[in-house]
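Below is one structure; the comments refer to it alone.
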């Protein structure tokens, strides 16, 4: 049973990480080339896996999964909790709102193709929230089961896309290099950084598997390595098939505003199969669903922790209301609001995944005997991680201002 739970935790990490934004990675990194993209992917994977182990150490100190806000209040005081709580709410609500809006359009098309029914966008948003929110309310083991099936189908779509594209790869396209590397690094680091953001689900996975340092360490390392492999294969395939210029090219995709539908059609035209579009659409929709489950489960557990009084947990539906009503309202009436907030995702994720956990663990190591240290590096490792987190924020602010 423990091995089964460890596999489930690993798949939750992978499913949360590989989201619909994966299709945007090659569009953003087209001019950088495969070589630079792979270097950046490995670097961001190493950073985010290391900080995941820092967050794990923070949780193991309490011998259970706790939110960043709880740990920050314990170690850094009231200010730490306020900053953490605001950042968690902003980031997770923004993600859920975007997933509801994106997932609802796919659900609308699915209902139309199966039942021949046309439903409004508002109804499809509510249906998506009820279906997948209901899975989350059923708790972690149900999310685990649903996530496994969704990942199986999503992986099948991914294999179909890769198999169709492999014979069409132009080796000469893989050798492209940017004229200047430093500007490419600066522009791509925040995007690649957020592509490995699964840290919000760490407390949930700790509680699900149990506070076993060895099992949890392997879960997070392997769980984050799967997306790294998927991203590298995806970059090689897409950048090796789609040229920079021409009728079916990255220039044409970017001229359309980076529309993912245009991207899927372009890839399909070059791969020589119209069914690649269907596979890409299926992959995108399932990527949204698995990411919604991972993020929603993490936010649900956070809300439950915040609403618990005198060791008495609130009802599931009461916690669910705090988790899903706000993003649902915004997805229905003002989707632009939280989508705009996603523009600051790298800043919020850097605070939640690097800066605050690093400061908390630093304080815990100074004031208490550490119960478990699943991450190596000592103080130098923590300082390096902290500097990386600040660096990501600086690069994101620079990109926003430009």
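No lab work stands behind these numbers, since they all come straight from the coordinates. Small disclaimer: the values here were computed from a predicted structure and weren't measured. All Cβ positions, even for glycine, are placed from backbone atoms using ideal geometry, and neighbour counts span all protein chains on display.
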### Task
Return 350, 186 ranked ascending by Cβ neighbour count within 10 Å, so the fewest neighbours appear first.
186, 350
### Task
Could you please rank 401, 25, 41, placing first whichever residue has the fewest other Cβ atoms within 10 Å of its Cβ?
401, 25, 41
### Task
Order by neighbour count: 295, 153, 375, fewest other Cβ atoms within 10 Å first, most last.
153, 375, 295
### Summary
Between residue 398 and residue 233, the two model label points (7 Å from Cα along the beta-carbon direction) sit apart by a distance in nm of 3.4 nm
### Summary
Rounded to the nearest Å, the spacing of the alpha-carbon centers of segment 48-84 and segment 316-332 is 24 Å
### Task
Would you mind computing the Rg to Rh ratio of segment 185-269 from its alpha-carbon coordinates, Kirkwood style for Rh?
1.15
### Query
Taking the highest mean first, how do the peptides 217-226, 191-200, 359-368 order by number of other beta carbon atoms within 10 angstrom per residue?
191-200, 217-226, 359-368
### Task
Pop a pseudo-label 7 angstrom from the Cα along the beta-carbon direction at both residue 308 and residue 86 and give the gap in nm to one decimal.
2.6 nm
### Summary
If one compares the long axis through the Cα atoms of helix 275-307 with the longest principal axis of the Cα atoms of the chain, the angle in degrees, nearest 10, works out at 10 degrees
#### Entry: Added length on full extension, which subtracts the Cα-Cα distance from 0.36 nm per residue, residue 255 to residue 365
34.5 nm
### Message
Would segment 50-184 count as rounded, prolate or oblate if I go by the C-alpha gyration tensor, calling it rounded below 1.5 in a/c and otherwise prolate when a/b exceeds b/c, oblate otherwise?
### Response
oblate
### Task
For an R0 of 41 angstrom, estimate the FRET efficiency from the Cβ-Cβ distance between residue 138 and residue 24 and round to the nearest 0.05.
0.85
### Summary
Note on segment 2-401: C-alpha Rg/Rh, Kirkwood Rh, two decimals, gives 0.96
### Query
How much FRET efficiency would the formula 1/(1 + (r/R0)^6) give for residue 163 and residue 130, where r is the Cβ-Cβ distance and R0 is 30 Å, rounded to 0.05?
0.25
#### Entry: Principal-axis tilt of helix 378-401 within the chain, Cα atoms, nearest 10 degrees
50 degrees
